[in-house]
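Novice: Can you keep this structure in mind? I'll have questions shortly.
The values are calculated or read from the model by the stated rules, or taken from the named source; none is laboratory data. Being a predicted model, the structure only gives us computed values, none of them experimental. Please note: Cβ atoms are built from the backbone with ideal geometry, for glycine as well, and neighbour counts cover all protein chains shown.
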Amino acid sequence: MLSGALLLGSSFLASAVEMVEALTIVLAVGLTHNWRTALLGVLAGFVALAAVVAALGPSLVHYVPLNGLRVGVGVLLLIFGLQWLRKAILRAAGLKAPHDEAQIFERELAELRGGAAGGQAVDWTGFVVSFKGVFLEGLEVAFIVLTFGTNSGRFDLAAAGALLAFVIVGATGAVVHRPLARVPENAIKFTVGLALVSFGTFWGGEGIGVKWAAGDATIVILAAIYALSAAAIINLLQRSVPPLPAVGGGSD
Amino acid sequence: MRWVIGFGRFWWDFIVGDSIILAVGGIAVLVLGLALARAGDGSAAQFVLPATVVGTLGVSLRLR
């Protein structure tokens with residue numbers, strides 16, 4: 001009884017940690033691009049995950065090169081996150097226009113002329129980020145369930161823990177996405193940049209064999225280091241360079 | 001052909017974006033970490049990786 005409860009709890013907690021990581025990425029895409037893009041990435045991630053799990057079953061642990069996948073996803077998130085963080089720093093330091101209405105109007109006009117659905121059109125960059133987050137974290141949850149289930153002989157409890165985590169984390173995401181949407185745009189993009197760079201460093205590091213002493217908590221530590229560094233860089237830029245006149249605000 | 005060019009452009013924009021320094025630096029971060037991890041200095045990599053990320057960001061802003 002106690003071992004069953006421990007197994008359920010362990011599977012729940014381990015899966016919840018991975019799912020919160022995926023949720024962070026999906027919320028980031030939804031808030032900065034649009035929800036259609038984010039949810040399409042989630043759907044594609046689930047479909048790809050289901051296909052891999054159905055095709056390989058318990059042998060998944062032996063066939064999927066999880067570390068290779070971590071390096072691939074990590075490096076892309078790292079580069080993508082750095083691009084966002086760079087733009088957010090330039091805007092915060094007053095060296096890049098935070099919002100260029102004329103440019104946005106021109107772009108939306110061009111999209112409408114091109115037949116795109118404006119703000120709800122699928123953004124493929126956001127789709128890839130959302131897809132990768134869900135697919136990688138989903139694979140890690142599958143690994144947790146398979147490992148816990150194989151070692152204990154109770155797949156039902158291991159899967160129940162993961163399912164419980166999915167329901168709770170999913171419900172939390174549905175509740176928090178609206179209040180988050182009211183946060184100022186550049187603050188959101190700055191935070192998303194920090195999150196992507198932190199996840200990218202963590203996953204990429206894990207993939208190449210770095211053993212993070214603080215485990216998953218390293219992501220929070222990395223985010224704090226990057227936030228402090230970004231604040232210091234903004235301060236330095238504000239002191240050393242006079243702000244430029246408003247030029248194109250860019251799309252991100 | 002148009003689809004291939006569009007696909008290539010998408011990945012170029014995704015990876016390179018506004019600054020090629022960030023793309024090169026992002027890869028260099030993990031190559032450096034890999035070298036340290038292979039040399040058996042995994043604990044040093046924990047500090048070198050974030051430091052290199054911050055350095056890359058600083059250089060790209062300096063050379064903007």
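Novice: Just a yes or no: is a residue in segment A:160-183 modelled with pLDDT of 85 or more, in contact with a Gly (Cβ under 9 Å, 6 or more places away or on another chain) and surrounded by 21 or more Cβ atoms within 10 Å (Cβ to Cβ)?
Specialist: There is at least one residue in segment A:160-183 that is modelled with pLDDT of 85 or more, in contact with a Gly (Cβ under 9 Å, 6 or more places away or on another chain) and surrounded by 21 or more Cβ atoms within 10 Å (Cβ to Cβ).
Novice: Let me ask something additional. Out of all the residues in segment A:35-57, is one or more crowded, with 21+ Cβ neighbours inside 10 Å, hydrophobic (A, V, I, L, M, F, W, C) and within 14 Å of A:Val192 (Cβ to Cβ)?
Specialist: Within segment A:35-57, one or more residues are crowded, with 21+ Cβ neighbours inside 10 Å, hydrophobic (A, V, I, L, M, F, W, C) and within 14 Å of A:Val192 (Cβ to Cβ).
Novice: Pick from segment B:7-64 the residues that are more than 7 Å from chain A (Cβ to nearest Cβ) and among the acidic types (Asp, Glu): which of them is farthest from the chain's Cα centre (by Cα)?
Specialist: B:Asp41
Novice: Residues being more than 7 Å from chain B (Cβ to nearest Cβ) and either touching a Gly at 6+ places or on another chain (Cβ under 8 Å) or in a helix (DSSP H, G or I) (or both): count how many of those fall in segment A:195-224.
Specialist: Count: 18.
Novice: Somewhere in segment A:121-140, is a residue modelled with pLDDT under 80, part of a helix (DSSP H, G or I) and either loosely packed, with under 14 Cβ neighbours inside 10 Å or of a type outside the set (D, E, K, R) (or both)?
Specialist: No, that holds for no residue.
Novice: So is A:Ile208 surrounded by fewer than 21 Cβ atoms within 10 Å (Cβ to Cβ), β-branched (Val, Ile, Thr), at pLDDT 90 or above and over 14 Å from the mean Cα position of the chain (by Cα) or not?
Specialist: no
Novice: Return the only residue of A:Ser229, A:Ser240 being free of Cβ contacts under 8 Å to residues at least 60 places away in the same chain, over 20 Å from A:Arg70 (Cβ atoms) and surrounded by 18 or more Cβ atoms within 10 Å (Cβ to Cβ).
Specialist: Checking each option against the conditions leaves just A:Ser229.
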